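The values are calculated or read from the model by the stated rules, or taken from the named source; none is laboratory data. Because the structure is a prediction, the values reported are computed rather than measured. When we count neighbours, we look across all protein chains shown, and the Cβ atoms used for this are built from the backbone with ideal geometry, even at glycine. Each accessible area value is taken on the protein alone, full model and side chains, heavy atoms only, with ligands, DNA and RNA left out. Shrake-Rupley method; radii C 1.70, N 1.55, O 1.52, S 1.80 Å.
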Amino acid sequence: MSEPSFLTGQYVQLQLTPASVGDRIAAQLIDWCVMLAYAVLMARVLKELNAGFSTNILVVVLPLFFYTLLCELFNNGQSVGKMLMKTRVVKADGSTPTIGAFLIRWLMYMVDGPLLSYAGVLVMILNRRNQRIGDMAAGTMVVKLKKYKDIQVSLDEYDFLESNYKPRYPQAADLSLEQIEIVSRTLAMKNDDFLPRTAALANKVAQKLGIERQEASDTAFLQRIVRDYQYYALEEI
């Protein structure tokens, strides 16, 4: 089964490695053990203190009810079980989930979990990203932590677009990945025929896309085409 993948800024294909169904079940069992231990401990403490019903609700029930949401929200997508199993919740493109995404996947556990005979387990088995229903609704997945760290390093290394980047040539999106790779390889060449090669390629790209160049040099024009292509490629991910 192939792993989900996406393109970085330099069009290097990176693979997200989904946590296995076994990893996810093991993490859930660990979390249940943590929750049970917490409930038993706090119940004994509150019993010794002769705490009332409302105190039990605040100290025991609410923390257990919101356990998964709070852990993932404030611990970079990891509950205790996920930490021990070296997995993490991320967006399907490898980025950090939003608060809304965490909230959706937490709410959907009522559908995925025991209330509907663990429908989420069946769904995980049937899709290549091992996503439960809540993950699909939130656009998230659970990945192996080591692979995720490698991907984050690669993204930091390759991404060169500023957050406020404004594309100039929307027609660049019509180029294929193979054509962009040719442009990138040409720009990386530093041999004696670099200038005539870039001039010929710049003219060919401009003609193919039917655009009027705004850059003074061939190199600047081709670099702009590559960056505009990157912008629109990332918009589609």
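Among residues other than TYR118 with Cβ under 10 Å from its Cβ, the summed charge is 0 (Lys and Arg +1, Asp and Glu -1).
Under a 5 Å amide H cut-off, with hydrogens placed 1.01 Å from N, ARG88 pairs with VAL143, LEU145 among residues at least 5 apart or on other chains.
Among the protein heavy atoms, those of SER20 account for about 50 Å² of accessible surface (1.4 Å probe, every chain in place).
Couplings for the range 16-25, taken from phi via the Karplus curve 6.51 cos²θ - 1.76 cosθ + 1.60 with θ = phi - 60°, read 8, 9, x, 5, 5, 4, x, 4, 5, 5 Hz in order; Gly and Pro are left as x. Ligands, DNA and RNA aside, TRP32 has an accessible area near 90 Å² when probed at 1.4 Å. Evaluated at q = 0.15, 0.18, 0.25, 0.26 Å⁻¹, the base-10 log of the normalised Debye intensity for the range 182-237, with identical point scatterers placed on the Cα atoms, takes the values -0.43, -0.60, -1.02, -1.08. Are any of the pairs LYS166/LYS204; LYS146/LYS166; LYS47/LYS86 more than 30 Å apart by Cα-Cα distance, and if so, which? In this structure, LYS146/LYS166; LYS47/LYS86 lie more than 30 Å apart at Cα. Taking PHE65, PHE194, PHE102 and ordering them by how much accessible surface each has at a 1.4 Å probe, largest first, produces PHE65, PHE194, PHE102.
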